[in-house]
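Down below is the structure, laid out as structure tokens.
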Amino acid sequence: MVRKSYKKTLKYIEKNRFKLLLLATFLAITLPAFGGKGLINNLLFAFSMSFLFIQSMVVASSKEKKNMPLRYLITIIMIIIFMLKPFGLNLKELDIIKLALLVLFFINITYYLIRFLIKAGRVNSDVIITSINIYLLMGIVAGNLAYLFYFLLPGSYNIPSTISDPNFVTFIYYSFITMSTVGYGDITPILPESQTLGYLMAVTGQLYVAIIIAFLVGKLLVAEQDKK
């Protein structure tokens with residue numbers, strides 16, 4: 001009975017892996033903002049990111065079994081690192097390592113998702129959801145790069161006094177506002193390095209939207225021609 005339920009659960013996860021990844025991504029970029037400060041916020045952030053790490057690996061390992069044990073080992077290491085802060089280990093050096101690993105991790109996952117899109121034979125719900133996932137993961141990568149610059153290059157951003165403790169939420173907000181070219185102007189890059197990252201984020205965000213729309217429309221037109 002237990003074995004049957006286990007197989008059924010695995011089948012469900014496999015079938016809905018892209019939807020679950022979208023859910024995990026959405027929770028990771030929204031939940032930490034509503035957890036307040038202190039231990040609860042740290043735990044929410046750690047658990048939401050852990051769910052995102054696990055679901056990312058499920059998606060990336062679904063069709064490519066090669067090096068799967070290594071991928072899951074990396075996922076476990078990432079989860080452990082993110083769990084250290086809620087349990088009292090709060091070091092600047094650890095935050096820098098965590099951000100660098102997070103950027104590399106999600107660049108790899110984004111690369112896999114882009115490959116999936118390119119190989120997709122037709123436009124279906126998984127393709128559309130994956131397109132959204134790529135944009136959201138790009139925002140997470142860009143936000144954490146900005147956060148990494150904040151640590152490594154003191155004074156790289158002008159942050160309003162109302163934000164007393166800049167964190168993951170602060171720079172994810174800055175990332176998506178910049179990628180969408182809304183640009184409220186409350187957080188502004190000052191140093192050449194952070195300014196360069198800022199305009200690259202804006203250009204990448206706009207190019208992605210234009211390219212993905214053209215890509216999806218092209219696949220739809222090809223599918224219609226094949227039917228005829």
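Brief remarks follow.
- When G121 is tested against (1) of a type in the set (G, A, S); (2) open to solvent by less than 20 Å² (accessible area, probe 1.4 Å); (3) within 30 Å of L221 (Cβ to Cβ), just one condition goes unmet, and that condition is (2).
- Listing of helices (runs of 4 or more DSSP H) fully contained in region 125-228 that carry 3 or more residues being open to solvent by 70 Å² or more (accessible area, probe 1.4 Å): 125-152, 192-227
- Residue within region 3-11 that is in a helix (DSSP H, G or I), at pLDDT 85 or above and either open to solvent by less than 70 Å² (accessible area, probe 1.4 Å) or at positive phi (or both) present: no
The values are calculated or read from the model by the stated rules, or taken from the named source; none is laboratory data. Because the structure is predicted, anything quoted here is derived from the model rather than measured. Note that we place each Cβ from the backbone using ideal geometry, even for glycine, and neighbour counts take in every protein chain shown. Surface accessibility is based on the protein's heavy atoms, side chains included, excluding ligands, DNA and RNA. Shrake-Rupley method; radii C 1.70, N 1.55, O 1.52, S 1.80 Å.
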